[in-house]
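Peer 1: Quick one: this structure, given as structure tokens, is what I'll be asking you about.
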Amino acid sequence: MIKNVAIVDYGLGNILSTQQSFLKVANDNNIKANVIITNQPRKIAESTHIVLPGQGAFETCMRGLSSIPYMINELTKSVINNKTPFLGICVGMQLLANISYENGEHKGLGWIDGQIKKLPTNNIKLPHMGWNEVEIINNNKLVEKGKLNEYYFVHSYFFDCEYKKNIIGETDYGINFTSFISKENIYGVQFHPEKSSNQGLELIKNFLKL
Amino acid sequence: MLKTRIIPCLDVKDGRVVKGINFLNLIDAGDPVEQANYYSNNGADEICFLDISASIENRSTMVDIVKKTSEKVFIPLTVGGGIKSLKNIRELLKAGADKISINTAGIINEKLIYDSAQQFGSQCIVAAVDAKKQNNSWTVFSHGGTKDTGIKALNWIEKLQKLGAGEILLTSMDKDGTKTGFDLELLKKATNILDIPLIASGGVGNLKHFRDGVAIGGANALLAASVFHFAELSILEVKEYLRKENIEVRL
């Protein structure tokens with residue numbers, strides 16, 4: 001079956017790399033895939049896989065996403081009702097939360113219960129920038145448990161996940177924070193798989209196979 | 001634990017990678033896309049492209065090279081050199097760059113640092129500073145290290161942090177190209193000032209220099225060019241050494 005991957009474009013950041021990483025994975029693994037960058041809700045409805053990237057401030061991202069007519073409606077229909085596999089990356093993961101406390105108080109999509117909070121700054125530098133380990137604490141379809149998993153991070157806020165069952169992976173930076181979440185067909189990663197070399201591409205491959 | 005990053009810097013002129021000795025005496029050393037790909041496959045944690053001719057000769061940026069790189073290389077890419085406007089930045093980010101390094105244009109117009117951090121997020125704004133020791137302090141040089149700005153380097157990096165830069169790339173002009181090690185005194189002082197990550201640059205020549213940049217200088221990332229470009233050291237060698245010295249790296 002051909003995969004139709006839709007990367008949601010709401011005007012922010014480097015999403016070309018995300019597209020290129022999916023194309024490379026498809027190409028290297030003989031997976032037939034169309035990978036499009038789109039801001040059209042109609043294309044979301046037609047897709048088999050949805051990727052929500054995100055960079056910068058939570059509020060800016062949420063506003064960007066909300067400003068596209070029917071986009072959130074269509075995403076909700078596909079992801080929540082039709083269970084289309086979904087991957088949120090960085091702020092795209094944070095948008096899944098109920099609320100963010102980055103520069104005020106902002107409502108998120110509320111698909112996975114949790115709150116976005118600032119990493120505590122005692123003796124650490126922010127942003128948390130660079131390669132760090134993700135310890136997989138729950139079985140999942142994207143990353144093997146027990147392996148050394150290193151990915152590239154850039155963020156100052158983290159997803160404080162309400163329920164342990166939604167936590168897939170944790171990372172140590174000043175505190176042990178949730179860096180990988182999941183609920184049914186929904187996955188969210190705080191790190192950037194598209195910038196995490198072979199381990200990141202491996203995660204993308206497993207997502208594409210869903 | 002967060003790992004110390006090793007970043008090979010590719011100085012690019014006319015679409016080719018060149019070596020720099022104190023910013024002069026350039027020798028051609030290869031194609032940027034292939035080199036970036038090579039480094040990515042050989043342990044680099046990030047890649048940095050610096051268009052060294054841009055400030056001086058007003059050359060346009062390297063959107064094409066960035067695009068081609070983003071098809072092959074899946075680690076973070078920083079692009080700098082001659083970046084003057086939000087439009088330049090947007091163009092490069094759209095072409096697949098993850099971070100933009102700003103030097104001279106930020107000195108001429110501080111607002112560019114602030115505005116770009118606001119618009120694209122601090123995480124993609126790297127403020128690059130070329131510092132030269134004069135008497136007992138360091139001064140900022142602009143335009144590829146050719147113009148003395150008279151600005152005190154340590155005051156400037158503090159200012160850049162306040163303006164919203166996400167990282168500081170600090171190059172010692174005295175050390176650059178000498179292979180005598182980073183300017184550790186400068187790094188230490190900068191580390192004390194900064195809450196954001198510090199990338200050390202300029203002067204690295206052997207394994208111990210890398211270690212000292214982190215263990216003494218306090219840098220979070222280490223940038224080097226010629227030692228890598230001419231295969232005097234490999235990134236893996238450096239990382240294995242750092243790990244033995246109890247510095248966490250991605251291997």
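The values are calculated or read from the model by the stated rules, or taken from the named source; none is laboratory data. Predicted model only: the values in this text are computed from it and were never measured. Backbone-built Cβ (ideal geometry, glycine too); neighbour counts: all protein chains shown. Side chains are part of the model used for accessible areas, which takes the heavy atoms of the whole protein and leaves out ligands, DNA and RNA. Shrake-Rupley method; radii C 1.70, N 1.55, O 1.52, S 1.80 Å.
Peer 1: Among the residues that make up the range A:21-28, is at least one of them at pLDDT below 95 and open to solvent by less than 60 Å² (accessible area, probe 1.4 Å)?
Peer 2: Checked against the condition, which is being at pLDDT below 95 and open to solvent by less than 60 Å² (accessible area, probe 1.4 Å), the range A:21-28 yields no hits at all.
Peer 1: Among the residues of the range B:65-95, how many are surrounded by fewer than 24 Cβ atoms within 10 Å (Cβ to Cβ), closer than 30 Å to A:K205 by Cα and not aliphatic (A, V, I, L, M)?
Peer 2: Adding up the residues that qualify gives 7.
Peer 1: Please tell me if A:N27 is in a helix (DSSP H, G or I) and within 13 Å of chain B (Cβ to nearest Cβ).
Peer 2: When the stated conditions are applied, A:N27 passes them.
Peer 1: A further question on this structure: Just give me the residues in the range A:166-210 being among the hydrophobic types (A, V, I, L, M, F, W, C) and assigned to a helix (DSSP H, G or I), in sequence order. Lay out the reasoning, then the answer.
Peer 2: Of the residues in the range A:166-210, the ones among the hydrophobic types (A, V, I, L, M, F, W, C) are A:167-168, A:175, A:177, A:180-181, A:186, A:189, A:191, A:201, A:203-204, A:207-208, A:210.
A:L201, A:L203, A:I204, A:F207, A:L208 - these are the residues of the range A:166-210 that are among the hydrophobic types (A, V, I, L, M, F, W, C) and assigned to a helix (DSSP H, G or I).
Peer 1: Any residue at all in the range A:107-122 that's within 13 Å of chain B (Cβ to nearest Cβ), charged (D, E, K, R) and either open to solvent by less than 50 Å² (accessible area, probe 1.4 Å) or farther than 26 Å from B:G166 by Cα (or both)?
Peer 2: Checked the range A:107-122: no residue is within 13 Å of chain B (Cβ to nearest Cβ), charged (D, E, K, R) and either open to solvent by less than 50 Å² (accessible area, probe 1.4 Å) or farther than 26 Å from B:G166 by Cα (or both).
Peer 1: Continuing with this model, one more query. Do you know which of the residues in the range B:36-54 that are touching a strand residue (DSSP E or B) at 6+ places or on another chain (Cβ under 8 Å) and modelled with pLDDT under 85 is surrounded by the fewest Cβ atoms within 10 Å (Cβ to Cβ)?
Peer 2: The extreme case among them is B:S53.
Peer 1: Related question: One residue is enough: does the range A:122-130 have a residue meeting the conditions polar (S, T, N, Q) and farther than 25 Å from A:E59 by Cβ?
Peer 2: Looking only at the range A:122-130, we keep the residues that are polar (S, T, N, Q), and these are A:122-123.
From what's left, farther than 25 Å from A:E59 by Cβ: A:122-123.
Checked against the condition, which is being polar (S, T, N, Q) and farther than 25 Å from A:E59 by Cβ, the range A:122-130 yields at least one hit.
Peer 1: Ok, one more. Could you list, in sequence order, all residues of the range A:125-146 that are without any contact (Cβ under 8 Å) to a residue 60 or more places away in the chain and away from chain B (no Cβ under 14 Å)?
Peer 2: Passing the criteria: A:I136, A:I137, A:N138, A:N139, A:N140, A:E144, A:K145, A:G146.
Peer 1: Out of all the residues in the range A:192-210, which are within 12 Å of another protein chain (Cβ to nearest Cβ), open to solvent by less than 10 Å² (accessible area, probe 1.4 Å) and under 17 Å from A:K145 (Cα atoms)?
Peer 2: Selection gives A:P193, A:G200, A:L203, A:I204.
Peer 1: Moving on. Go through (1) under 18 Å from B:L223 (Cβ atoms); (2) at pLDDT 90 or above; (3) out of contact with any Cys (no Cβ under 9 Å at 6 or more places or on another chain); (4) hydrophobic (A, V, I, L, M, F, W, C) and name the single condition B:L86 misses.
Peer 2: (1)
Peer 1: If you check A:M1, A:M71, which single one turns out to be farther than 25 Å from A:F153 by Cα, surrounded by fewer than 23 Cβ atoms within 10 Å (Cβ to Cβ) and modelled with pLDDT under 95?
Peer 2: A:M1
Peer 1: If a residue counts only when it is exposed (fewer than 15 other Cβ atoms within 10 Å of the Cβ), which helices (runs of 4 or more DSSP H) contained entirely in the range B:141-251 have at least 2 such residues?
Peer 2: B:153-163, B:184-193, B:235-244
Peer 1: I need the full set of residues from the range A:69-85 which are touching a helix residue (DSSP H, G or I) at 6+ places or on another chain (Cβ under 8 Å) and in contact (Cβ under 8 Å) with a residue 40 or more places away in the chain, in order please.
Peer 2: A:M71, A:L75, A:T84, A:P85
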